[in-house]
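Please read the structure below before turning to the comments.
The values are calculated or read from the model by the stated rules, or taken from the named source; none is laboratory data. In this text the structure is predicted, and so the values were computed from the model without any measurement. For neighbour counting, all protein chains shown are included, and Cβ atoms are generated from backbone atoms with ideal geometry for every residue, glycine included.
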Amino acid sequence: MTDRPRLTVAVVMRREPVAGPHARWMPWRWVLADVLPQAELGLPDEVTTAQRIEDTRSGDADGVEHWVFPGLVIELFRDDAEGLFLNLSTERPAVWVMWRPDETGAADALPAPQIVTLSYTDAGRWLDAQERVDQVPAPGPMLEWLRAFVAEHYQPETKRRKRPESFRSLTDRFGNPVSISTDKQGRRGHPGGGAAS
C-alpha cells in the first residue's frame, strides 16, 4: 500500500461526427471532453468499464455521444512537485490525458485512455514521446487538492551564485591551463620592443 495521495477519476470522451471532405475517410472523431473525480459521477472506485452516458450539459444531438472511462488514478509524487507547481503557475491549470485511439477501424471501437496526470513534466515527456495527449481545465476540487500538496512539498530550487567570468581559469583550445604575463616584453625579449643596438 502506498501513502501517496491518489484520486480515482473518470475520463469523459466525446465522439462527434466529422464534417466536410474529411468525413469520407473519417466519419467521426474522439475528443477529450472532461476529467472528473469518479465520485462526482456516482460511480464507486471499483468500476472500470467504459459506458455511454447522457451529457446533460450539451446533449447528445446530431450524432454526438459521450462515453465515460472510469477507474483511472491520478497520483501525486513528491519528486515531481516542480512539475505540479508548473501546472499551478499557468493561467489555466490543466489535467492531461494520454490516450490511444483504436487501431482496428471498427465503427463501434472505443479509444483507450491510459494515464491521467496533473504534472506539466509528465505531459511534456509524453508529448516528446509522440503520444496522443489532450488537456482540459482542471476542476476546482482537484485544484484545491493539488494546491495543498504543492504547498507542502514544493521547494524552489536555490539559485547558485554564478562565478564571474574573470575568475574562471584560462585554458587553450585543448583544455590545457594557460598563463598570461603582464610583463611588457618587446620583440626579441628586450624591454621597449625594439632591436638591441
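Residues considered: A39, A19. Of these, the only one that is small (G, A, S) and without any contact (Cβ under 8 Å) to a residue 24 or more places away in the chain is A19.
Given the condition among the aromatic types (F, W, Y) and part of a strand (DSSP E or B), answer yes or no: does some residue in the range 86-99 qualify? Within the range 86-99 (the criterion being among the aromatic types (F, W, Y) and part of a strand (DSSP E or B)), the answer is yes, since at least one residue qualifies. Among all positions in the range 1-9, there is no residue which is farther than 20 Å from W145 by Cα, touching a residue at least 24 places away in the same chain (Cβ under 8 Å) and not in a loop (DSSP other than H, G, I, E, B). Can you pull out the residues in the range 9-39 that are closer than 29 Å to P141 by Cβ, surrounded by fewer than 19 Cβ atoms within 10 Å (Cβ to Cβ) and over 19 Å from the mean Cα position of the chain (by Cα)? Result: R14, R15, E16, P37, A39.
Under 9 Å by Cβ, and 6 or more places apart or on different chains, what pairs join a residue from the range 127-147 that is closer than 11 Å to W99 by Cα with one that is among the β-branched types (V, I, T) and surrounded by fewer than 16 Cβ atoms within 10 Å (Cβ to Cβ)? From residues that are closer than 11 Å to W99 by Cα, the pairs are D134/V31. Checking the stated criteria, D60 turns out not to satisfy the condition of being modelled with pLDDT under 95, surrounded by fewer than 17 Cβ atoms within 10 Å (Cβ to Cβ), touching a Ser or Thr at 6+ places or on another chain (Cβ under 7 Å) and not in a strand (DSSP E or B).
Taking D80, is it assigned to a loop (DSSP other than H, G, I, E, B) and at pLDDT below 95? Show your work before the answer.
Details: assigned to a loop (DSSP other than H, G, I, E, B): no; at pLDDT below 95: yes.
For D80, the condition - assigned to a loop (DSSP other than H, G, I, E, B) and at pLDDT below 95 - is not met.
The conditions are (1) at pLDDT 75 or above; (2) loosely packed, with under 10 Cβ neighbours inside 10 Å, and F149 fails exactly one of them. Which is it? F149 satisfies every listed condition except (2).
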